[in-house]
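For reference, the structure discussed in these notes is given below.
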Amino acid sequence: MGHVLTIERTFRTDHHKLFLDFVDPRKIEHWFYEEDYWTAQAEVDLKIRGKYRIEMVTDIGNSFVHYGEFLEFNPAHTKLKFTWNSGVVENTIVDIEFRDLARARSMIRIHHGMFESESSRDKHELIWNKCLDHLEKYVENPTPFPIYQDPDYKDSDDFEETRAS
């Protein structure tokens with residue numbers, strides 16, 4: 001079976017909306033990336049044996065592609081199961097449970113398994129947690145994400161104005 005990671009998180013939304021955040025490409029693009037200044041592009045065909053592809057794009061143009069196929073989901077939006085492939089792992093299994101809690105909150109439990117090594121599992125746990133941090137921010141404020149601007153970058157017109165002063 002290999003090494004397995006389990007992550008539980010709570011969010012201020014109902015489980016139906018949270019489920020959609022995991023399967024709607026327009027929503028995935030707002031949170032499924034590792035660093036704040038990265039972006040994501042997603043394609044999803046939500047059906048059994050349907051494919052998905054998520055590409056995390058770094059600020060310098062490098063990309064990390066994750067892809068697989070859906071193995072299971074239910075109409076009540078309480079379960080999602082799919083294969084996970086990347087440049088690091090092949091055919092690991094992600095099993096996510098969605099559940100409503102009291103006071104307009106919900107919980108997800110992610111089981112991601114079949115890692116060949118502890119280090120691979122640990123790296124994926126770190127990345128999942130960073131993505132879920134972004135998801136929490138997105139759930140709290142689902143406005144389009146801002147375009148990252150390097151604080152050290154100076155537009156040539158601004159530079160000339162600064163020099164002239």
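The table below gives the values:
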quantity: Surface accessible to a 1.4 Å probe, per residue, for the residues of the chain, Å²; calculated: 61 Å²
quantity: Fluctuation leader among Ile127, Ile60, Ile108 - the chain, Gaussian network, Cα springs under 10 angstrom; calculated: Ile60
quantity: Accessible area of the stretch 1-146 belonging to carbon and sulfur atoms, whole % at 1.4 Å probe; calculated: 51 percent
quantity: Gyration tensor (alpha-carbon) shape descriptor, the stretch 57-110, a/c threshold 1.5; calculated: oblate
quantity: Non-local Lys pairs in the chain, i.e. 8 or more apart or on different chains, that have alpha carbons under 22 Å apart; calculated: 21
quantity: Kirkwood hydrodynamic radius (C-alpha pairs) into Stokes-Einstein, the stretch 5-74, 37 °C and 0.692 mPa s, D in µm²/s; calculated: 248 µm²/s
quantity: Pairwise FRET efficiency - Lys81 versus Ser119, Cβ, R0 = 22 Å, nearest 0.05; calculated: 0.35
quantity: Enclosed volume per residue, in Å³, of the convex hull spanned by Cα atoms of the chain; calculated: 133 Å³
quantity: Computed label-point distance, nm, for sites Glu90 and Arg9 using a 7 Å Cα→Cβ extension; calculated: 2.9 nm
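The values are calculated or read from the model by the stated rules, or taken from the named source; none is laboratory data. No experiment lies behind these values; they were computed from the predicted model shown. Glycine gets a Cβ as well: all are built from the backbone with ideal geometry, and neighbour counts include every protein chain shown. Keep in mind that these areas ignore ligands, DNA and RNA; they rest on the heavy atoms of the full protein, side chains included. Shrake-Rupley method; radii C 1.70, N 1.55, O 1.52, S 1.80 Å.
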